[in-house]
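Asker: Structure incoming, see below.
All of the numbers you see were taken from the coordinates with simple rules; none came from a lab. Every value quoted in this text rests on a predicted model; they were computed, and no experiment measured them. Every residue, glycine as well, gets a Cβ built from its backbone with ideal geometry; the counts of neighbours run over all protein chains shown.
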Amino acid sequence: MSQKKVCIIGAGIGGLTTGALLTKHGYKVKIFEKEPLIGGRALSFDPSSMTLKEYKDLLSRFNMHIPFSTPDINTIFKEKMLNGYILDLGFHSIGGGAVSNINSVLSGFDKQIEMLESKLGLITKEGFDFPLLSKFDKLRLFPRTLQVLLARESTMKKMDNIPMSETLNRYGKGKMKTVLELFSRVSSTVNNLNLISTGEMLRAQRNLLKGKKVKYLTVGYPKNGLCNISQTLADSIKSKDGEINLNKPVSEIIIKNNKAIGVTAGGKEYSFDIILSNILVQNLFKIADEKHFPKEYVKNLKSLSGSGSLCAYYSLNKIDPGVLGKTFLFIERNIGVDGNDAVGMIDFVTALPESGLAPSPHHLVQSYIICSPDEAKDKKTLVNLKELLDKNLEHLLPSFRSNLNWAIYPAIWHLDGVAKTIKNKKPEIKTPIENLYLIGDCVKAPGIGFNCAINSAQILTNTLENLIN
């Protein structure tokens, strides 16, 4: 059991998962978080506990704003219309549902998060297909599925620079074309198929297909919000004498002789054996002097781009039982965004009463449509995307407007810390500085977003254990 002192900067999912795993192995863990809440960008919170200014300030710190709401956002807060609700910062659903990576990690602590899950359906002109893949479709696609499961990493690497547009041209026929087109966009939160790496998409698929129970094209959401996951991880850390310090930003990573030896937080210096950064990698050099790093490394990290989307939270009085508890994808063609087509999702899993996200008898529906970070800041583009979100919800619920209590549309231009595209070269977990490592969804690890962050924590823990042993 190691007694090494570890500093984790940031209490996001990557930081909390790493903290839980390392405390279990005997490391002395101290986490510094600049926010008053844990969870990072995968954050659930009670909006009624905030003023409108506090809500807007929180969103601003996480690269978000509210371009639209119904009624206007001032009225929503003034009339306390958010009382009893739990909101996320941006849209999050967890690939694999109950057999997702997070429950794989928590099983080592004899804990499990209860997930509400759904297969994925597809909105069509005639109505919708649910599930997207029938048993016959899965049987037909089984040979391709087996290929993904058995593929070597060397094979994946050869396909890293092959865009999904090229892969679709070669293999995209029938349901396979639909699955590849939808899955690649949803998994990467990128619309432009020319930017999406085939190798990364194959890794993401394999990540969802592994294990005894295959939950491909299945998504889940934790009961009582993402905060349930964060709090469970935090409790595991504290039970092993780990520390989580909120409202305590790190202002400097202290580096001497190419070695990270400590941090400055709250005006005080702390010494550590190992330092892990779970902040956006693009912001690393705000707290670590870039003179200590190779110039090409600095240039690459600063050039990395995130992913964007326009989200929507709808509070409804009534929902058709035929869609309640289901999740639907949709694709809009030729709408002029980067990649021309845009994919989105409407999630009625969060509308289930047992989700705990809305006061009875109301329901909370979450949805989003993918856009680029620049498009998430462009009002004209956002107007068009909002109309598409409303149109697809209305397609499923023709009377949704008459049952609407309120709607809030957050736009985010850093949903994933680093989008997995051919242009972005995600950094390794180990940095050029001794004892300094990167974790979270910004680094090179299997999966996308939430799952990438969890996988990075597992890789980092194994790396440190191998060094000791």
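Asker: Subtract the Cα-Cα distance of Ser402 and Lys259 from 0.36 nm times their separation in residues, and report this length gain in nm to one decimal.
Answerer: Values: separation 143, 0.36 × 143 = 51.48 nm, distance 6.13 nm.
Difference between extended and current length: 45.3 nm.
Asker: Can you work out the Karplus-derived ³J(HN,Hα) for every residue in the range 439-448? Use 6.51 cos²θ - 1.76 cosθ + 1.60 with θ = phi - 60°, whole Hz, and x for glycine or proline.
Answerer: 9, x, 8, 8, 10, 7, 8, x, x, 10
Asker: Here is a further query. Going by the alpha-carbon gyration tensor, a ≥ b ≥ c the square roots of its eigenvalues, is the range 262-376 rounded (a/c under 1.5) or, if a/c is not under 1.5, prolate (a/b greater than b/c) versus oblate? Mind showing how you got there, number by number?
Answerer: Values: a/c = 4.18, a/b = 1.75, b/c = 2.39.
Because a/c hits 1.5 or more and a/b fails to exceed b/c, the range 262-376 counts as oblate.
Asker: OK, next. Return Asp72, Asp378, Asp441 ranked ascending by Cβ neighbour count within 10 Å, so the fewest neighbours appear first. Don't skip to the answer; put the middle values down first.
Answerer: Working: Asp72 11, Asp378 17, Asp441 33.
Fewest to most other Cβ atoms nearby, the residues stand as Asp72, Asp378, Asp441.
Asker: What full-extension length gain, to one decimal in nm, is calculated for Asn340 and Asp235 as 0.36 nm per residue of separation minus the Cα-Cα distance? Please list the in-between numbers first.
Answerer: Working: separation 105, 0.36 × 105 = 37.80 nm, distance 4.48 nm.
Stretched out fully, the Asn340 to Asp235 stretch lengthens by 33.3 nm.
Asker: Show me the GluC sites (Glu not before Pro) within the range 33-82 that DSSP assigns to loop and that have at most 16 other Cβ atoms within 10 Å of their Cβ.
Answerer: On the way: sites: Glu33, Glu54, Glu79; in loops: Glu33, Glu79.
Hits after loop and neighbour filter: Glu79.
Asker: Each residue of the range 311-328 in order: what ³J(HN,Hα) in whole Hz does its phi give by Karplus 6.51 cos²θ - 1.76 cosθ + 1.60, θ = phi - 60°, with x for Gly and Pro?
Answerer: So the Karplus estimates, Gly and Pro as x, are 9, 8, 10, 10, 9, 10, 6, 8, 9, 4, x, x, 10, 4, x, 9, 10, 10 Hz.
Asker: Right, here's the next one. Ile422's amide H: which non-local residues (gap 5+, or another chain) put their own amide H closer than 5 Å, with H modeled 1.01 Å from N in plane and none for Pro or chain starts?
Answerer: Ile196, Ser197
Asker: How high is the relative contact order of the chain, in percent, counting Cα pairs under 8 Å that sit 6 or more residues apart?
Answerer: Details: 996 pairs, mean separation 113.2, N = 469.
Reported relative contact order: 24 percent.
Asker: Hey, another quick one. What is the gain in length, in nm to one decimal, between Ser134 and Lys177 on full extension, counting 0.36 nm per residue of separation less the C-alpha to C-alpha distance? Please report the intermediate quantities before stating the final value.
Answerer: Details: separation 43, 0.36 × 43 = 15.48 nm, distance 1.51 nm.
Gain on extension, Ser134 to Lys177, equals 14.0 nm.
Asker: Moving on to the next point. Relative to the longest principal Cα axis of the chain, at what angle does helix 135-150 sit, 0 to 90 degrees, rounded to 10?
Answerer: The angle comes out near 20 degrees.
Asker: Give me the net charge for the shell around Pro373: Cβ to Cβ below 11 angstrom, other residues only, Lys and Arg +1, Asp and Glu -1. Intermediate values should be presented prior to the final figure.
Answerer: On the way: positive: Lys377; negative: Asp338, Asp374, Glu375, Asp378, Asp416.
Residues close to Pro373 contribute a combined charge of -4.
Asker: So, in nm, how far is label Lys158 from label Arg333 when the simple model puts each one 7 Å beyond its Cα toward the Cβ?
Answerer: 3.4 nm
Asker: Specify the angular offset, from 0 to 90 degrees and rounded to the nearest 10, of the alpha carbon long axis of helix 198-209 from the longest principal axis of the alpha carbons in the chain.
Answerer: 80 degrees
Asker: Still on this model: Indicate the gyration tensor shape class of the range 1-133 (rounded, prolate or oblate), computed on the Cα atoms with a ≥ b ≥ c the square roots of the eigenvalues: a/c under 1.5 is rounded; otherwise a/b larger than b/c is prolate and the rest oblate.
Answerer: Oblate, since a/c reaches 1.5 and b/c is not below a/b.
Asker: Cα axis of helix 174-188 to longest principal axis of the chain: angle in degrees, 0 to 90, nearest 10?
Answerer: Compared with the principal axis, the helix lies near 40 degrees.
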